[in-house]
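Scroll down for the structure; my scribbles are underneath it.
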Amino acid sequence: MWQHSHWPNTWFANYPKSDNALSIYAQECNTVEGNTTFYSLPHQDAVIRWANSVNDDFRFTFKFHQNITHVHQLQHCEEEVAQQLSLLTPLKDKLGVMMLQLPASFGPDKLGVLEQFLAALPTELNVAVEVRHLAFFAKGDEEKALNQVLIRHNANRIIMDTRALFTGPCNNALLEEVRDKKPRVPVNVIATGSTPVVRFVGNDVDDDNLRCLTPWVKKVHQWLNDGKDVYFFCHRPDNKDAPWLAQQFIDLYNYQASSHAFNNLSIKHQPEQNPLF
């Protein structure tokens with residue numbers, strides 16, 4: 001997402017009100033995680049506007065539609081895949097990663113289906129796969145088989161880090177809702193492709209986020225030194241506060257690994273913290 005009703009008066013406060021949200025966002029960040037394509041496909045004129053709103057070095061990251069991943073579970077969906085990729089062609093090199101978010105019901109018995117699906121995709125397409133079946137996190141033969149499939153097709157395994165999200169008591173309705181939606185899975189760190197993808201979901205307590213973010217500094221630095229193109233997305237229960245979480249990681253990284261320093265965000269005000277008691 002590149003817009004939130006909270007951001008014009010906080011994160012985007014220094015930009016002209018006439019600028020569109022995407023063009024402002026693209027001056028602050030070099031990628032965006034677009035969740036909307038999971039639910040509905042955009043009109044191509046909208047995609048053209050998106051492409052014209054950002055610089056050449058900006059990268060969009062979109063999800064495959066849920067009909068492909070959840071309804072068809074990667075089978076008999078060639079037309080849907082072709083339609084979605086065709087709609088996104090105006091982005092050209094600005095399309096960074098296509099994310100394949102699979103349901104928890106997609107288990108080891110369907111790895112052959114996943115391999116066939118990946119093999120049929122255009123070779124130039126950068127794909128990242130998110131699995132939620134617990135067998136793929138048990139460090140056994142099933143997980144090894146998954147990783148081998150991904151490695152064979154240079155597909156990236158999405159690492160979902162929700163440790164901070166599930167830390168501490170659930171003291172408000174929004175946190176309860178987000179916890180119900182997000183998977184609570186182990187954080188098994190591996191780069192199966194050239195573009196590691198991390199989806200970090202924090203909570204409203206900075207110390208919890210700091211504890212879980214800190215180990216990522218060393219790993220991201222290692223990946224960058226290895227020549228990998230890292231995508232690190234930050235979320236909070238209310239994503240109006242996500243930029244402050246991203247800045248928290250930027251501060252950590254720039255302090256510990258200044259050789260690949262990241263630009264700071266234009267953040268002037270800190271979000272309100274939920275009370276601990």
What is the log10 of I(q)/I(0) for the range 110-175, computed with the Debye formula using one identical point scatterer on each Cα and no solvent, at q = 0.13, 0.14 Å⁻¹? -0.48, -0.54
Under 5 Å from the placed amide H of residue 232, counting only residues 5+ away or on other chains, we find 198
Remind me, what semi-axes does the range 102-214 give for its equivalent ellipsoid, largest first in whole Å, using sqrt of 5 times each Cα gyration tensor eigenvalue? 29, 15, 13
Express the C-alpha Rg of the range 1-106 as a ratio against the empirical globular expectation 2.2 N^0.38 Å, rounded to two decimals. 1.18
Determine, from the Cβ-Cβ distance of residue 251 and residue 55 and an R0 of 22 Å, the FRET efficiency 1/(1 + (r/R0)^6), rounded to the nearest 0.05. 0.35
Report ³J(HN,Hα) in whole Hz for each residue of the range 229-236, in order, from the Karplus equation J = 6.51 cos²θ - 1.76 cosθ + 1.60 where θ = phi - 60°; Gly and Pro get x. 9, 8, 10, 10, 9, 10, 10, 10
Using 19 Å as the cut-off for backbone N distance, which residues of the range 212-254 belong to the label zone defined by a point 7 Å from the Cα of residue 3 along Cα→Cβ? 239-243
Out of 126, 188, 209, any idea which swings most in a Gaussian network model of the chain, alpha carbons joined below 10 Å? 188
I want the local charge near residue 142. Using Cβ-Cβ distances under 12 Å, sum +1 for each Lys or Arg and -1 for each Asp or Glu among the other residues. 0
Using a Förster distance of 22 Å, how high is the FRET efficiency between residue 144 and residue 83, based on the Cβ-Cβ distance and rounded to 0.05? 0.05
Taking the Cβ of residue 72 as the center, what net charge do the other residues with Cβ under 11 Å away carry, scoring Lys and Arg +1 and Asp and Glu -1? -3
Calculated [θ] (222 nm, deg cm²/dmol) that DSSP helices of n ≥ 4 give over the chain, each run adding -39,500 (n - 2.57): -10500 deg cm²/dmol
Could you pull out the trypsin sites (Lys or Arg not before Pro) across the range 76-140 that fall in loop regions by DSSP (anything but H, G, I, E, B) with no more than 13 other Cβ atoms inside 10 Å? 139
Using θ = phi - 60° and the Karplus curve 6.51 cos²θ - 1.76 cosθ + 1.60, what whole-Hz ³J(HN,Hα) does each residue of the range 8-25 get, with Gly and Pro shown as x? x, 9, 10, 4, 9, 4, 8, 9, x, 5, 6, 6, 6, 4, 5, 5, 5, 3
How many times 2.2 N^0.38 Å is the alpha carbon radius of gyration of the range 174-277? 1.12
Here the Cα Rg-to-2.2 N^0.38 Å ratio for the chain is 1.00
Just grab the label-to-label distance for residue 66 and residue 93, each label 7 Å out from Cα along the Cβ direction, in nm (one decimal). 3.5
Quick one: which residues, 5+ away or cross-chain, put their amide H under 5 Å from the amide H of residue 262? H built at 1.01 Å from N. 254
Multiply the residue gap between residue 187 and residue 76 by 0.36 nm, knock off their C-alpha separation, and tell me the result in nm, one decimal place. 36.8 nm
Selected from 150, 174, 224 as most flexible by GNM, with the chain as the system and alpha-carbon contacts under 10 Å: 174
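Here, each number is a calculation from the coordinates, and none is a lab measurement. Here the structure is a predicted model, which is why all the values come from computation and not from measurement. All Cβ positions, even for glycine, are placed from backbone atoms using ideal geometry, and neighbour counts span all protein chains on display.
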